[in-house]
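One structure is given here, and the rest of the page talks about it.
The values are calculated or read from the model by the stated rules, or taken from the named source; none is laboratory data. Given the structure is predicted, the values throughout are model-derived calculations rather than measurements. No Cβ is skipped: glycine too gets one built from the backbone with ideal geometry, and neighbour counts run over all protein chains shown.
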Ligand code: GLN
């Protein structure tokens with residue numbers, strides 16, 4: 001009879017992933033699994049576990065198999081309609097939160113929100129902020145809306161092609177993790193990225209098209225003294241800083257993620273002091 005110990009031994013997956021799958025199907029903690037590793041698993045649960053293990057063996061991301069991913073300590077529903085939230089992006093959220101904390105009632109815009117991870121995390125940690133989040137994918141917006149509901153935060157969602165459908169008005173902060181991977185980047189056809197929505201990863205160009213649009217359009221939507229922060233690729237920081245400076249942003253800077261890579265760049269809009 002199959003038990004947790006035998007499934008772990010035969011899964012062919014890293015122990016952590018096999019444990020996550022078993023824990024998810026049985027709805028039990030890691031500690032429970034260790035204490036009960038010789039308990040027999042029911043045929044129905046075993047069927048589900050084997051199905052998930054085989055999806056993982058074919059390369060499907062854990063976040064799509066389990067249907068969720070943790071980000072900023074919160075659990076986000078993830079489907080193949082949305083990019084999987086990544087730890088790298090926590091830097092963008094932490095930077096945004098630090099800005100909002102200096103202005104608690106800030107109006108924040110998150111462009112290309114996907115699962116809503118950025119907008120919802122900001123709203124969660126800064127409950128006084130007013131957060132608007134846009135995406136041009138109706139399927140993504142549905143996932144984001146579900147996440148806002150299940151995490152109990154107020155975020156307004158809007159279907160918009162970058163600034164196209166954003167109602168006129170000014171924000172104190174605009175953030176975005178746009179599609180920035182170069183269309184010829186080999187990573188697009190490797191690992192998790194193969195399963196993610198391509199339009200969330202690449203601009204089907206040199207990786208700077210969306211970034212360019214967001215920067216160029218930002219001045220019309222930013223208060224004097226407001227900030228724009230963008231996530232970008234490992235080799236794009238200098239190009240993004242140049243775009244920000246050419247557009248008229250001040251205090252332009254890049255910040256490094258935990259791996260020491262310049263991961264986000266931002267600037268302040270035209271404060272006249
Ligand atoms: N950081 C992601 C990756 O390199 C890409 C996310 C994006 O394009 N916005 O896998």
Subject >> Failed condition for residue 181, given (1) free of Cβ contacts under 8 Å to residues at least 12 places away in the same chain; (2) touching a helix residue (DSSP H, G or I) at 6+ places or on another chain (Cβ under 6 Å) >> reply: (1)
Original post:
What number of residues within region 93-106 satisfy the criterion of being away from the ligand (no atom under 14 Å from the Cβ), touching a residue at least 24 places away in the same chain (Cβ under 8 Å) and part of a helix (DSSP H, G or I)?
Top reply: 6
Original post:
Out of all the residues in region 56-83, which are in a helix (DSSP H, G or I) and surrounded by fewer than 16 Cβ atoms within 10 Å (Cβ to Cβ)?
Top reply: 57
Original post:
Just to be sure, is residue 13 in a loop (DSSP other than H, G, I, E, B) and out of contact with any strand residue (DSSP E or B) (no Cβ under 9 Å at 6 or more places or on another chain)?
Top reply: yes
Original post:
Looking at (1) outside any helix (DSSP H, G or I); (2) closer than 17 Å to residue 174 by Cα; (3) within 14 Å of the ligand (Cβ to nearest atom), which is the only condition residue 223 fails?
Top reply: (3)
Original post:
Can you find a residue in region 181-195 that is under 20 Å from residue 166 (Cβ atoms) and surrounded by fewer than 19 Cβ atoms within 10 Å (Cβ to Cβ)?
Top reply: no
Original post:
Mind checking whether some residue in region 33-48 is closer than 30 Å to residue 148 by Cα, without any contact (Cβ under 8 Å) to a residue 12 or more places away in the chain and not in a loop (DSSP other than H, G, I, E, B)?
Top reply: no
**OP:** Among the residues of region 183-202, count how many are more than 9 Å from the ligand (Cβ to nearest atom), closer than 28 Å to residue 108 by Cα and assigned to a loop (DSSP other than H, G, I, E, B).
**Re:** 1
Original post:
residue 96 is checked against (1) buried (at least 24 other Cβ atoms within 10 Å of the Cβ); (2) out of contact with any helix residue (DSSP H, G or I) (no Cβ under 6 Å at 6 or more places or on another chain) and fails just one. What number does that condition carry?
Top reply: (2)
**OP:** Go through 218, 210, 238 for me and flag whichever is away from the ligand (no atom under 16 Å from the Cβ), within 20 Å of residue 263 (Cα to Cα), in contact with a strand residue (DSSP E or B) (Cβ under 9 Å, 6 or more places away or on another chain) and in contact (Cβ under 8 Å) with a residue 40 or more places away in the chain.
**Re:** 218
Original post:
Hey, among 240, 252, which residue is in a strand (DSSP E or B), over 17 Å from residue 172 (Cβ atoms) and at pLDDT 95 or above?
Top reply: 252
Subject >> Of all residues in region 166-179 being over 18 Å from residue 233 (Cα atoms) and under 22 Å from the mean Cα position of the chain (by Cα), the one that is nearest to the ligand (Cβ to nearest atom) >> reply: 174
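Okay, residues lined up against (1) assigned to a loop (DSSP other than H, G, I, E, B); (2) more than 26 Å from residue 257 (Cα to Cα); (3) within 16 Å of the ligand (Cβ to nearest atom):
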{"site": "85", "(1), (2), (3)": "yes, no, yes"}
{"site": "91", "(1), (2), (3)": "no, no, yes"}
{"site": "108", "(1), (2), (3)": "no, no, no"}
{"site": "118", "(1), (2), (3)": "no, no, yes"}
{"site": "122", "(1), (2), (3)": "no, no, no"}
{"site": "131", "(1), (2), (3)": "no, no, no"}
{"site": "144", "(1), (2), (3)": "no, no, yes"}
{"site": "147", "(1), (2), (3)": "no, no, no"}
